[in-house]
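Enquirer: Take this structure first; my questions come after.
The values are calculated or read from the model by the stated rules, or taken from the named source; none is laboratory data. Please read all numbers here as calculations on a predicted model, not as lab measurements. Ideal geometry is used to build each Cβ from the backbone, glycine not excepted, and the neighbour counts take in all protein chains shown. Side chains are part of the model used for accessible areas, which takes the heavy atoms of the whole protein and leaves out ligands, DNA and RNA. Shrake-Rupley method; radii C 1.70, N 1.55, O 1.52, S 1.80 Å.
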Amino acid sequence: MAEGAGSNVLKSLLALARAGATSRAWTAFVAAGLEASDDPEVLTLKGRLLKDQARHAQGSKRSALFARAGEAYELAATSGSYSYPLINAAAMALHAGDFDKAGRLAQKALELVDTGIDKGETPYWGEATRAEALLLSGETEAARASLSKAVALAPQAWEDQSSTLRQFASILAVTGQDGGWLDQFRPPPVMHFNGILGIAADDLIAHAAIEAAVADIAPGFAFGALAAGADIIAADAALSVGAELHVVLPSEPEDFRDSSVSPMGDEWLPRFDRIIACADSVTVCASDERTSTASVELAELHAMGMAVEKAEQLQAKAVALRIEPAQRPALGDPWLHSGRPIHHVAVTAVRDSTVAQLPAARLFYDIALDGNRQHSFGTIDEAVDAVKALGAGRAALDCRIGERIRVGTLLSHSAHGMLATSRGAALALLATGLASRIETIGEIATTVGPIEICLATFSGPPE
Amino acid sequence: MMPETDDSMAGRDDIAIIQGCFACSSKSAQRLAEIMASRSFTHRAVIAHIGDPSTTLYLVAEGAVVAELFGYDGQQAQLARHGPGEIFGAYPAETTYRSSFAACGATRLLATPTQQLTELVANDPEIAAGVAALLAKQLDLVLDRMAARIGLSATGRFYRALLQLADSDGRIEPAPVIAALAVSVHTTRETASRALASVVRRGIVERHDDRLQIVSRRMLEELIV
């Protein structure tokens, strides 16, 4: 397909599919007149969209959709010697119940890889394609060895590995084989951490308990803020077990250092500076704002959402670490309502948690609906209920701390009835379990800075 | 707050930033660097007050700058925000600041005295073309902001720039200065470094001593969102 408008259409359809809008993506694909196209890129997307629909269908309809997906991939493969559409065609044939065809196509893909005609798009994908072809040919042990080799070629290609693992699990399920051995290839858990500020810097008991909990979780990725006390100890512990550390702050590091580290004692400052310097990323949620109760709440949701997003991308487990006095209930913790696992570490506070000393501010959730209607709510649940009450139609969601309402600028990007959100609001939806998937579709330039924009799919049964 | 003046722009990164933003030769970039100074500001540090004489053109190298005004009701209003690769200040003539400017996050600016830049533009066609291109780009950004039009995300812009730099075999030689490439696509060095690390980790791009090699053009294209 030519560069430009056509390519943009395919990208927007792929974004819809990735956001979980399976049937909307297909409707838009047909409306764009692409169903009869013989362009390999279009055929590959067609295969993907039919495959997504098949996964949500039952019985003979499911088999028929898998068969149609396979045909699209097979046609795409005829345009050249590419193993990618061919191996997908083989897997679709298997899901459609045509085991012979699956084996034949898998052998063709294997030949392409073995003869070096197609080495795969990356070293990982070359070997992973070989592994999948072996699995589809019934050579499970050889497939396992080949998958080990693929992972060794790109040990941190987590996104690609998760895609292979998903595919392997479904093949093993169809062929009635045990998929337990796949667990050795799964990425480590993603951890969100937070806790109280009032822990003494020399409290060795608290340090030991937090370090033991982090070692027990063994996270590969950790997300959280960096206030003095529990946050800093947990972040340090995550680094010591080799996790990627992603710090999420409510305000610029200098502001946050003054508001949430320094007041707890100067002994925390060198630790804060060291961790900030070696973190894999530092995200500032509201760089125009000073640290306040609202910006802390926003940063918490942002960090939780990022942890959930990472876990979803990698097909990994998302767990929370909560560090607080045993008697303190965590009723307001969105993680608690999402049903995901929480590890609690009980500590003794030496002074009151000082969030109350931060300037008070309110976090608002703004929605925009068709007909230029805009409303603001104090909780994300109320905002989502209002959007759902609308039914079909365009809708946008944003969250904010200051007076500046931006949600109206998001509304025109609510394509195909999907909810358009700022990234902050999308992450809050993920954190609270109100959205099952989010997909970034670009950025809007505004006079007060860029807004990254996402499409979100509400949790619930597939549309 | 007084800015910290770093040095006289000798760093390879700054020369590369100038070359990237002005699309000029290294010789012209060097001439411009000789009249530029690097100035660093801490978060919220005031760069200029409303009514101050404006005698400098600034290029944002890191961080961001916000233009603020106080309305008749005494409320502070943010007029604009300039990120990496954007310019603000006086050009082609010295003037006075019509709003206050403050740093947002740790910010580094490349400052050129307006008068000296005007003289250089008159004598160096490459710099003149670069200034014209920068001003046109800035106008485009303003229009984008007025229309709230959707464009690529920061990582998408970075990946597109990588593809544009590559030859038909996917080679980018010499390896680009990431800080400079980041500024030229209006993003931060951190965002660009993370974006590159992510595709290197997946084997989509290989990093060699002297070059970058795009291994899968299709996979990189798919990441342009």
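Enquirer: For B:Leu152, which sequence-distant residues (separation of 5 or more, or a different chain) have an amide H within less than 5 Å of its own amide H, given hydrogens modelled in the peptide plane?
Expert: A:Glu443
Enquirer: A plus B alone minus the pair: what accessible area, both sides summed, probe 1.4 Å, in Å² to 100? If you can, show how the numbers build up before the last one.
Expert: Values: alone 20410 and 12070 Å², together 29490 Å².
Buried area (both sides, nearest 100 Å²): 3000 Å².
Enquirer: 5 Å is the cut-off here: which amide hydrogens, built 1.01 Å from N in the peptide plane, fall below it relative to A:Ala395, excluding neighbours closer than 5 in sequence?
Expert: A:Ala420
Enquirer: Percent of alpha carbon pairs in chain B separated by more than 33 Å? Working shown, then result.
Expert: On the way: 4892 of 25200 pairs.
Tail fraction, whole percent: 19.
Enquirer: Averaged per residue, what accessible area in Å² does the protein assembly as shown show with a 1.4 Å probe, protein chains only?
Expert: Details: 29490 Å² over 688 residues.
Accessible area per residue, the protein assembly as shown: 43 Å².
Enquirer: Could you tell me how many degrees, from 0 to 90 and to the nearest 10, lie between the Cα long axis of helix B:12-22 and the main elongation axis, the longest principal axis, of the Cα atoms of chain B?
Expert: With both axes taken from Cα atoms, the answer is about 80 degrees.
Enquirer: In whole Hz and in residue order, list the ³J(HN,Hα) couplings for segment B:169-174 that follow from phi through the Karplus curve 6.51 cos²θ - 1.76 cosθ + 1.60, θ = phi - 60°; x for Gly and Pro.
Expert: Using θ = phi - 60°, the values come out as 8, x, 8, 10, 9, x Hz.
Enquirer: Then there's this: What distance in nm lies between label points placed 7 Å from Cα along the C-beta direction at B:Glu221 and B:Ala106?
Expert: So the two model labels end up 3.9 nm from each other.
Enquirer: Moving on to the next point. Please state the relative contact order of chain A as a whole percent: Cα pairs under 8 Å, 6+ residues apart? Provide the component values of the computation, followed by the final result.
Expert: Values: 868 pairs, mean separation 51.2, N = 463.
RCO, chain A: 11 percent.
Enquirer: In peptide B:105-118, what is the residue-averaged number of other protein chain Cβ atoms found within 10 Å of each Cβ?
Expert: Values: counts 8, 3, 0, 0, 0, 0, 0, 0, 0, 0, 0, 0, 0, 0.
That average works out to 1.
Enquirer: For peptide B:146-156, what's the mean number of Cβ atoms from other chains within 10 Å of each residue's Cβ?
Expert: Details: counts 3, 3, 12, 7, 12, 6, 3, 9, 3, 3, 5.
Across the residues of B:146-156, the mean count of other-chain Cβ atoms within 10 Å is 6.
Enquirer: Please list, in order, the residues from segment B:72-101 whose amide nitrogen is less than 14 Å from a point placed 7 Å along the Cα→Cβ vector of B:Val46.
Expert: Residues passing the 14 Å test: B:97-101.
Enquirer: Tell me, what is the FRET efficiency for A:Arg166 and A:Cys278 to the nearest 0.05, using R0 = 35 angstrom and their Cβ-Cβ distance as r? List each step's numbers first, then the result.
Expert: Numbers: r = 33 Å, r/R0 = 0.93.
Taking R0 as 35 Å, the efficiency between A:Arg166 and A:Cys278 is 0.60.
Enquirer: Related question: Counting only helical runs of four or more DSSP H residues, what would the 222 nm mean residue ellipticity of chain A come to if each run contributes -39,500 (n - 2.57) and the total is spread over all its residues? Please report the intermediate quantities before stating the final value.
Expert: Numbers: 17 runs with 220 residues, N = 463.
That calculation yields -15000 deg cm²/dmol at 222 nm.
Enquirer: Given Cα positions, please report Rg to Rh for the protein assembly as shown, the hydrodynamic radius being the Kirkwood one.
Expert: Working: Rg = 26.6 Å, Rh = 27.3 Å.
Here the Rg-to-Rh quotient is 0.98.
Enquirer: Here's something else I'd like to know. Where does helix B:26-35 land angle-wise versus the long Cα axis of chain B, in degrees 0 to 90, nearest 10?
Expert: Its long axis makes an angle of about 30 degrees.
Enquirer: If the reach is capped at under 16 angstrom between alpha carbons, list the aspartates and glutamates near A:Lys51, excluding any in the same chain fewer than eight residues apart.
Expert: A:Glu35, A:Glu41, A:Glu71, A:Glu74, A:Asp98, A:Glu463
Enquirer: Right, something else. Determine the order of B:Tyr159, B:Tyr91 by accessible area, beginning with the largest, at a probe radius of 1.4 Å. Display every interim value, and only then the final one.
Expert: On the way: B:Tyr159 15, B:Tyr91 65 Å².
Of B:Tyr159, B:Tyr91, the descending order of accessible area is B:Tyr91, B:Tyr159.
Enquirer: Let me ask something else about it. Over the protein assembly as shown, what is the percentage of antiparallel beta bridges among all DSSP beta bridges, to the nearest 5? Spell out each step's value before the answer.
Expert: Working: 61 of 86 bridges.
Bridges in the protein assembly as shown are about 70 percent antiparallel.
Enquirer: With a point put 7 Å past each Cα toward its Cβ, work out how far A:Asp114 is from B:Asn123 in nm, to one decimal.
Expert: 7.1
Enquirer: Give the Debye-formula value of log10 I(q)/I(0) at each listed q (0.11, 0.19, 0.26, 0.28 Å⁻¹), with one equal scatterer per alpha carbon of segment A:393-463, two decimals each.
Expert: Cα-only, vacuum Debye calculation for segment A:393-463: -0.24, -0.70, -1.23, -1.37.
Enquirer: Any idea what angle helix B:114-123 forms with the longest principal axis of chain B, computed on alpha-carbon atoms, 0 to 90 degrees, nearest 10?
Expert: Its long axis makes an angle of about 50 degrees.
Enquirer: Can you pick out the pairs among A:Lys101/A:Lys149; A:Lys108/A:Lys317; A:Lys61/A:Lys317; A:Lys310/B:Lys137; A:Lys11/B:Lys27; A:Lys46/A:Lys317 whose Cα atoms lie more than 29 Å from each other? Each step should come with its number before you reach the end.
Expert: On the way: A:Lys101/A:Lys149 27 Å; A:Lys108/A:Lys317 36 Å; A:Lys61/A:Lys317 32 Å; A:Lys310/B:Lys137 35 Å; A:Lys11/B:Lys27 40 Å; A:Lys46/A:Lys317 31 Å.
Going by Cα-Cα distance, A:Lys108/A:Lys317; A:Lys61/A:Lys317; A:Lys310/B:Lys137; A:Lys11/B:Lys27; A:Lys46/A:Lys317 fall outside the 29 Å limit.
Enquirer: Here's something else I'd like to know. Enumerate the amide H contacts of B:Glu62 below 5 Å, restricted to partners 5 or more residues apart or on another chain; note that Pro and chain-start residues carry no placed amide H.
Expert: Answer set, sorted by chain and number: B:Arg108.
Enquirer: Right, something else. Over chain B, what is the mean sequence separation of C-alpha contacts under 8 Å (at least six apart), divided by residue count, expressed as relative contact order in percent?
Expert: Values: 437 pairs, mean separation 48.4, N = 225.
Dividing the mean separation by the residue count of chain B yields 22 percent.
Enquirer: Calculate the translational D of segment A:5-185 in whole µm² s⁻¹ from Stokes-Einstein, where the hydrodynamic radius comes from the Kirkwood formula applied to all Cα pairs, the temperature is 10 °C and the viscosity 1.306 mPa s.
Expert: Taking Rh from Cα pairs, D becomes 96 µm²/s.
Enquirer: Right, here's the next one. I want the local charge near B:Thr155. Using Cβ-Cβ distances under 11 Å, sum +1 for each Lys or Arg and -1 for each Asp or Glu among the other residues.
Expert: Numbers: positive: B:Arg157, B:Arg160, B:Arg194; negative: A:Glu443, A:Glu452.
Local charge sum for B:Thr155: +1.
Enquirer: In chain B, if the dipole is taken from +1 on Lys/Arg beta carbons and -1 on Asp/Glu beta carbons about the Cα centre, which of B:Leu120, B:Ser184, B:Ala195 is farthest to the positive end?
Expert: B:Ala195
Enquirer: Using only alpha carbon pairs under 8 Å that are at least six residues apart, calculate the relative contact order of segment A:1-148 and give it in whole percent. Don't jump to the answer; show the numbers that get you there.
Expert: On the way: 204 pairs, mean separation 21.6, N = 148.
Relative contact order, segment A:1-148: 15 percent.
Enquirer: So, with a 1.4 angstrom probe, what is the percent of accessible area on segment B:4-147 that is carbon and sulfur?
Expert: Values: 3730 of 6810 Å².
Of all accessible area on segment B:4-147, carbon and sulfur atoms account for 55 percent.
Enquirer: Extent of segment B:154-222 along each principal axis, from alpha carbon coordinates, in Å, largest to smallest?
Expert: Dimensions of segment B:154-222 along the principal axes of its Cα atoms: 27, 24, 20 Å.
Enquirer: Give me a comma-separated list of calculated 3J(HN,Hα) values for segment B:48-62, in order, Karplus coefficients 6.51, -1.76, 1.60 applied at θ = phi - 60°, integers in Hz, x for any Gly or Pro.
Expert: 7, 9, 4, x, 5, x, 10, 10, 9, 9, 10, 10, 7, 9, 8
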